[in-house]
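**Q** Attaching a single structure in structure tokens format; questions to follow.
The values are calculated or read from the model by the stated rules, or taken from the named source; none is laboratory data. Everything quoted here is computed from the prediction, not taken from an experiment. Virtual Cβ from ideal backbone geometry, glycine too; neighbours counted across all protein chains shown.
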Amino acid sequence: MSILKGLALLLSSLVLILSVYLYSPGPQGVEESHIVQVNVALNRLAYLIHAVMLLTSCGLERNVITCGKFGLKPDLQPLQAFVVHSLTGVSTLSVLRAEMEILYIPVFTPSDTLQVDTIHMEGIPVKMYKPANTDSVSKSKLNPCIVYFHGGGWTLFSVDSYDTVTRELSKRTGVTVISVEYRLAPEHPYPIPFDDCLKVTRHILHHGEQYQLDPHRVAVAGDGTGGNLAAAVALRISDEDRKFTPALRLQILIQPILQALTFNTPSYRENAHHSLVDRFQMIKYWCHYMGVEPDSKILSSMERGRHVNPIVRRMLHSLYMADAESVHVASSDENPKVPSIPSASQMFAKNPDLEESDYDPDVAQAGTGVEIRIQDAYFAPIMSDNVVQTPSAFILTGDQDIARDDGLVYTRKLTKARINVTLTRIPGWGQGHIAPLLPPSYFASWLTFSGSSMAWDYVSSFIQEKL
């Protein structure tokens, strides 16, 4: 009996210790913080399981698991990916990709009136969603179009796992949506994903009539890193001769990720460790996009800004990111619909990158050259020197978004160039709160942020009005 009591006491103590370890306080100001807390707990449990298995040298035979078109590269991801990786040696990124496809691809074809076709444009697979009203009109009538680039850190998701997002966008707006199956990093690093998106967009601008689309009423759109691709494509198209390539009508940037110069803007500092996408994950996504292996040295250096020479760093910050410490204060007044009160750290703190004197040339020169790459405007659109020909923009950010200031700085940049910009800020929202969307179900209703419908209402209203 004493042995059982001892075991019960030991088990209770372990459960208590584990509970304390897994618990994280609800992020202040974040809407529906329980979803963020669940994500943080899963990641912490994953770290623990992975560490225990490594320490005990769990040397099980490595199995080969193929995940369709997805390749194998290491990454640090949630619980299931860690467990499978520890047991089999299979890449956690590959496991996570397969998991996301299973979770987000609808089991049953939604019952709606959209015409959905999977075709190829310039050899790149795309999924085209046409509202029913486009079939009832004359064949001579051309319809507006949205070219959509999904998010996922340039490494995750597909047109199929984003079906709920693009399907809903087409239904809400009554506009044809073309979802692009661009190739994913790290197997296909920059500029391949960008080139795929550019080729499809240019093809529609040149040959839209073939698909009953108006080449003069085309918008590019994307969320997260898809917002990066949309902004980059808009920049590139704006440089082309209007005699040969019609101009884009709009760019829709939803929580866009737009620069890799500094990971110490106010929004990064405030949301570095309690977001669905934390600072290290974001740096890793940028590394994958560059084709650089995100080891601990690279992650640490980039977090501190050491991937750029201090002199160059201060110059680039002055040229492109000087507004980052104050723009959120001004933009609250510019967008009274969703006011926010800046914290003391927002108003008075200084970017530590500007004080950092160390420089890591090995990191700066990793891959094809990190220091050079982050200055490429098609890689990081905030670094553009010329945005005067870019289309009108809709930019949506969340106040608790780790990349909030990217969107705000880009808004200021476009506004200074006299580009029409509609900025919408949603209090309490972080990166990943808006997209992707789970297929409709009771389970989805519990894990989907309830305000996501409101955010898509903002997006859809703008498109209906402007496109």
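**Q** Among the residues in segment 272-293, are any in a loop (DSSP other than H, G, I, E, B), surrounded by fewer than 20 Cβ atoms within 10 Å (Cβ to Cβ) and of a type in the set (Lys, Arg)?
**A** No: segment 272-293 contains no residue that is in a loop (DSSP other than H, G, I, E, B), surrounded by fewer than 20 Cβ atoms within 10 Å (Cβ to Cβ) and of a type in the set (Lys, Arg).
**Q** While we're here: Suppose the filter is out of contact with any strand residue (DSSP E or B) (no Cβ under 8 Å at 6 or more places or on another chain) and at pLDDT 85 or above; does ARG404 pass it?
**A** no
**Q** When the residues of segment 187-227 are narrowed to those that are among the charged types (D, E, K, R) and within 24 Å of GLY432 (Cα to Cα), which ends up surrounded by the most Cβ atoms within 10 Å (Cβ to Cβ)?
**A** This residue is ASP223.
**Q** While we're looking at this one, here's another question. Give the residues of segment 148-179 that are closer than 20 Å to ALA380 by Cα and among the aliphatic types (A, V, I, L, M), sorted by residue number.
**A** LEU156, the sole residue that qualifies.
**Q** Report whether or not LEU142 is assigned by TED's automatic domain parsing to the domain that holds ASP223, among the hydrophobic types (A, V, I, L, M, F, W, C), at pLDDT below 95 and more than 21 Å from ASP214 (Cα to Cα).
**A** Numbers: assigned by TED's automatic domain parsing to the domain that holds ASP223: yes; among the hydrophobic types (A, V, I, L, M, F, W, C): yes; at pLDDT below 95: yes; more than 21 Å from ASP214 (Cα to Cα): no.
Against the criterion (assigned by TED's automatic domain parsing to the domain that holds ASP223, among the hydrophobic types (A, V, I, L, M, F, W, C), at pLDDT below 95 and more than 21 Å from ASP214 (Cα to Cα)), LEU142 does not qualify.
**Q** I need the full set of residues from segment 153-204 which are in contact (Cβ under 8 Å) with a residue 60 or more places away in the chain, of a type in the set (Val, Ile, Thr) and part of a loop (DSSP other than H, G, I, E, B), in order please.
**A** Passing the criteria: THR155, VAL175.
**Q** Something else: State which residue is farthest from HIS273 (Cα to Cα) when the search covers only segment 288-315 and only residues that are over 23 Å from the mean Cα position of the chain (by Cα) and of a type outside the set (Val, Ile, Thr).
**A** So, considering only residues that are over 23 Å from the mean Cα position of the chain (by Cα) and of a type outside the set (Val, Ile, Thr), the one farthest from HIS273 (Cα to Cα) is MET315.
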